[in-house]
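First comes the structure, then the notes that go with it.
The values are calculated or read from the model by the stated rules, or taken from the named source; none is laboratory data. Nothing here was measured: the structure is a model prediction, and the numbers come from that model. No Cβ is skipped: glycine too gets one built from the backbone with ideal geometry, and neighbour counts run over all protein chains shown. What goes into the accessible areas is simple: the full protein's heavy atoms, side chains included, and nothing from ligands, DNA or RNA. Shrake-Rupley method; radii C 1.70, N 1.55, O 1.52, S 1.80 Å.
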Amino acid sequence: MANQPQQAKRRYSSPLREAAAAGTRERVLEAAVALLREIDDISAFTLDAVAKAASVTRLTVYNQFGSRLALIEAMFDRIADLGGLVALRSAMELSDPEAAISEIVRIFCTFWGSDTAVQRLNETIMLDAEIERSVAARHERRRRLLTVIIERAFPHAPAGARRDTVDLLFLLTAPQTFRALLPGRELSQICDLLRHAALDTLHRLRGSAA
């Protein structure tokens, strides 16, 4: 019986600790994204640098995320949310493949131009092995998403034609393609170019399935 007051106290204080930890995590994530926008050298993106930017200790950052890679993954998720990638779920639910692909192209085109942090990550992946692995895994998710749409909409098209279509759509939604089209064009012009090219690719596939 003597232990009951202590147990009640622990139950009462636990939500407070969880709220404080969540607040600290948010502050660290915000600092990490801001730091990525500011640094010139990706090697400067360290747990120590993030801790300093967030005004916490390195141990606090480690306790919240466990490793630099886990922090990077959480930061990617935050950047994806800020850039509107959550809209991909709705695009995947569209039954018309042309409408789905048009929306996916728009979402990624807008995302690649939405934040300097996005551009910085894609420009520096070859300089950082952890970031390179994480970015590569996320690009493969994009490929799988495109594959699902093509396989669902064109099950009777030749396998080679379906594969070629996915590869072309993967290229059209890649950050490298966006950057290549960026000089001298507004964002809306780039998105229109990519969308028309993607729809042309679908039309060719539809013809092969006829």
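Structure notes:
- Flag if residue 166 is in a helix (DSSP H, G or I) and either touching a helix residue (DSSP H, G or I) at 6+ places or on another chain (Cβ under 6 Å) or open to solvent by less than 30 Å² (accessible area, probe 1.4 Å) (or both): yes
- Applying a threshold of 6 Å to beta carbon distances and a minimum spacing of six or more residues, or different chains, the list of pairs starting in region 182-208 at a residue that is farther than 17 Å from residue 96 by Cβ and touching a residue at least 60 places away in the same chain (Cβ under 8 Å) and ending at one that is open to solvent by less than 80 Å² (accessible area, probe 1.4 Å) and not in a helix (DSSP H, G or I) reads 187/113.
- Looking across region 36-46, just one residue is under 20 Å from residue 129 (Cβ atoms), in a helix (DSSP H, G or I), open to solvent by 20 Å² or more (accessible area, probe 1.4 Å) and not hydroxyl-bearing (Ser, Thr, Tyr), and that is 44.
- Scanning region 178-196 for residues that are touching a Leu at 6+ places or on another chain (Cβ under 9 Å), open to solvent by 30 Å² or more (accessible area, probe 1.4 Å) and not in a loop (DSSP other than H, G, I, E, B) gives 181, 189, 193, 195.
- Residues that are surrounded by fewer than 18 Cβ atoms within 10 Å (Cβ to Cβ) and outside any loop (DSSP other than H, G, I, E, B) within region 148-162 comprise 148, 151, 152, 159, 160, 161, listed in sequence order.
- Taking every residue in region 101-117 that is free of Cβ contacts under 8 Å to residues at least 24 places away in the same chain and assigned to a helix (DSSP H, G or I) and pairing it with any residue that is open to solvent by less than 10 Å² (accessible area, probe 1.4 Å) and among the small types (Gly, Ala, Ser), at least 6 positions away or on another chain, the pairs with Cβ-Cβ distances below 9 Å are 103/91; 107/91.
- Condition check for residue 199: farther than 26 Å from residue 82 by Cβ and assigned to a helix (DSSP H, G or I): yes
- Filtered residues of region 53-67 (kept if open to solvent by 50 Å² or more (accessible area, probe 1.4 Å) and either under 19 Å from the mean Cα position of the chain (by Cα) or closer than 23 Å to residue 119 by Cα (or both)): 53
- Which numbered condition residue 31 misses (of (1) at pLDDT below 90; (2) farther than 25 Å from residue 181 by Cα): (1)
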